[in-house]
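These notes are about the structure you will find just below.
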Amino acid sequence: MSGIRVLDLTSVVMGPSACSLLADYGADVVKVESPSGDVMRHSGPMRNPGMGHFFMSLGRNKRSIVLDLKQKEGRAILLRLMKTVDVLVYNLRPQSMARLGLDYESLCALNPALIYAGAYGFSQKGPYAARPAYDDLIQGMCGIPWLSLKAGADIPRYAPMVLVDRIVGLQLFGAVTTALLYRARTGKGQRVDVPMYENMLSVVLAEHLSGTQFEPALDPPGYKRSLATDRRPYKTKDGYLCALVYNDRHWRSFFSAIGKPEMFEGDERFQSQNGRLTNIEYVYRYLSDVFSTRTTDEWLRLLEEADIPAARMYSIDDILTDEHLNKTGFIQTVKHPSEGELRITAIPTEWSESQPENRSHAPRLGEHTAEVLLEIGCSQAEVDALVASGVARVPEQVRGIPK
């Protein structure tokens, strides 16, 4: 994506994660922040104010500029910048963008080839269009806590990570790259809307419509295998084991490995994929009972010999010392100019010709304000005046003001 400039007018996680991917793959991502900065800058732990851990992972390979868009001078500078970009990614509600004079029609007139990508809560075609949205709300509206109850939880639970923001961030990344490909072939920019609710539902319902996909319904909603109470890491004598005895070959090998080869042919609950799914609660309960009879190491050796997928259940500490990740260099230690040594993950895709790189550290708030404004034709005197008036901001050490 070298040569593509992206204006990142997003905050929190969904939009920044999509723009982080664009940056990782070579785009020049200019992150426009308010004078107080992206909210994730202030989410600890952190060594210095405004450099929270979550922002550090979402901010790499980006440049940060600060513009106060509540002031007309700030909006004027943003419009000058808009003439130089290929993609605008925003997660303000469209109504807010229109109030700022940043609606699609206005910006398309300024830059006809622009990809104008909106990432917000709900489709603008329905009654929820103006609602605010966050990960927890969308998880709830997509049925994820309800599914946790169906799977046997005592109380409804959100997934223990910002799941929706991350998944829809991937979908947003895919939409932007597809729009860029369309533009490369046709010369046409366009507006792309990526609403959280509908995009996450496309993932959840693909799995959990289940029998209600048919008219009339063949079964209640909910994919039985995913919702089975005992679909979880199995308790062994000394820990937990993650194992998937899945297809016919796996089951035949499993029964042979535990000395009961007759079970596969003799019990119809195990003989076919659909038979196992129909009796999935029994199947997982059976496995749970069997796996409790040996240690984790014993099972890992036995299942490896039987060519059945299995792994030890990891903690985060275990991940950081995993021999495979250490060998591949996926977890790296780098030096940040203001934050010291940091542990980061490598870009996970591997390329034969154009391997993406971790080119630059997560920026301090406004670290590249002067640099970018000079690039779009502002004079040094204009930059100084914008900073002095509070319309723009640069870090104190760049201004030469002692801390």
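No lab work stands behind these numbers, since they all come straight from the coordinates. Treat the numbers as computed from the prediction; the structure is a model and nothing was measured. Every residue, glycine among them, receives a Cβ derived from its backbone with ideal geometry; neighbour counts consider all protein chains shown.
In square nanometres, what is the average projected area of the Cα convex hull of segment 245-319? If you can, show how the numbers build up before the last one.
Numbers: hull surface 21.9 nm².
Over every viewing direction, the Cα hull of segment 245-319 projects on average to 5.5 nm².
How large is ³J(HN,Hα), in whole Hz, for each residue of segment 334-351 in order, when computed from phi with the Karplus curve 6.51 cos²θ - 1.76 cosθ + 1.60 and θ = phi - 60°, using x for Gly and Pro?
Each residue's phi maps through the Karplus curve to give 10, 9, 9, x, 10, 9, x, 6, 10, 9, 10, 9, 6, 5, x, 7, 10, 10 Hz.
I need R252, R47 ordered by Cβ neighbour count within 10 Å, fewest first.
On the way: R252 18, R47 14.
Going from least to most buried by this count: R47, R252.
Among K237, K31, K125, which one shows the biggest mean-square fluctuation in a GNM of the chain, springs joining Cα atoms closer than 10 Å?
K125
Could you compute how fast segment 77-205 diffuses translationally, taking Rh as the Kirkwood radius over C-alpha pairs and applying Stokes-Einstein at 25 °C with viscosity 0.890 mPa s? Give it in µm² per second.
153 µm²/s
So which residue, out of P156, P216, P127, gets the largest mean-square fluctuation from a GNM of the chain using Cα contacts under 10 Å as springs?
Highest fluctuation of the listed residues: P216.
Taking Cα atoms of segment 248-403, Rg/Rh with Kirkwood Rh, to two decimals?
So for segment 248-403, dividing Rg by the Kirkwood Rh gives 1.31.
Select from segment 344-397 those trypsin sites (Lys or Arg not before Pro) which occupy a DSSP coil region and have at most 16 other Cβ atoms within 10 Å, ordered by residue number.
Values: sites: R359, R364, R393; in loops: R359, R364.
Filter output for segment 344-397: R359.
Defining a contact as two alpha carbons under 8 Å apart and six or more residues distant in sequence, what relative contact order in percent does the chain show?
On the way: 651 pairs, mean separation 75.1, N = 403.
Computed over the chain, the figure is 19 percent.
Give the relative contact order (percent, whole number) for segment 234-312; include only Cα pairs under 8 Å separated by 6+ residues.
On the way: 93 pairs, mean separation 37.7, N = 79.
Relative contact order for segment 234-312 comes out at 48 percent.
From the phi of every residue in segment 4-20, what ³J(HN,Hα) in whole Hz does the Karplus formula 6.51 cos²θ - 1.76 cosθ + 1.60 yield, where θ is phi - 60° and glycine or proline is x?
9, 9, 10, 9, 9, 9, 10, 8, 6, 10, 4, x, x, 5, 5, 5, 5
With all distinct Cα pairs included, what does the Kirkwood hydrodynamic radius of segment 166-230 come out to in Å, to one decimal, could you say? Don't skip to the end; give the middle numbers.
On the way: mean 1/r = 0.0698 Å⁻¹.
The answer is 14.3 Å.
Report Rg(Cα)/(2.2 N^0.38 Å) for the chain, keeping two decimals. Mind dumping the intermediate values first?
Values: Rg = 25.7 Å, N = 403, 2.2 N^0.38 = 21.5 Å.
With N residues counted in the chain, Rg over 2.2 N^0.38 Å equals 1.20.
In terms of modelled amide H atoms, which long-range or inter-chain residues lie less than 5 Å from the amide H of Q190?
I115, Y116
Pop out the ³J(HN,Hα) list for segment 81-86 in order, Karplus 6.51 cos²θ - 1.76 cosθ + 1.60 with θ = phi - 60°, rounded to Hz; leave Gly and Pro as x.
Once θ is set to phi - 60°, the couplings for segment 81-86 become 5, 4, 5, 9, 9, 9 Hz.
At most 13 other Cβ atoms within 10 Å plus a DSSP loop assignment makes a site exposed; report the longest stretch of the chain without any exposed GluC sites (Glu not before Pro). Could you put the intermediate results ahead of the total?
On the way: sites that count: E268, E350, E353, E357.
Between exposed loop sites, the widest span is 1-267.
With the cut-off at 1.5 for a/c, could you classify segment 198-333 from its C-alpha gyration tensor as rounded, prolate or oblate?
Values: a/c = 2.33, a/b = 1.18, b/c = 1.98.
Taking the square roots of the gyration eigenvalues as a ≥ b ≥ c, segment 198-333 is oblate.
Would you mind checking K150/K235; K31/K83; K62/K188; K31/K188; K31/K70 for any pair whose Cα atoms are more than 19 angstrom apart? Please list the in-between numbers first.
Details: K150/K235 21 Å; K31/K83 16 Å; K62/K188 26 Å; K31/K188 24 Å; K31/K70 17 Å.
Over 19 Å Cα-Cα: K150/K235; K62/K188; K31/K188.
What is the Cα convex hull volume of segment 5-60 when expressed per residue in Å³? Write down the numbers at each step before the final one.
Details: hull volume 3.8 nm³, N = 56.
Output value, Cα hull per residue: 67 Å³.
Amide H of K31: which non-local residues (sequence gap of 5 or more, or other chain) have their own amide H closer than 5 Å, using H built in the peptide plane?
D8, R63, S64, I65
Hey, what number do you get for the chain at 222 nm if only DSSP H runs of n ≥ 4 count, each worth -39500 (n - 2.57), divided across all residues, to the nearest 500?
Numbers: 20 runs with 171 residues, N = 403.
Counting only the DSSP helices, I get -11500 deg cm²/dmol.
If you build a Gaussian network model of the chain, linking Cα atoms that sit under 10 Å apart, which residue out of N91, N199, N279 swings the most?
Taking springs between Cα atoms under 10 Å, the residue moving most is N279.
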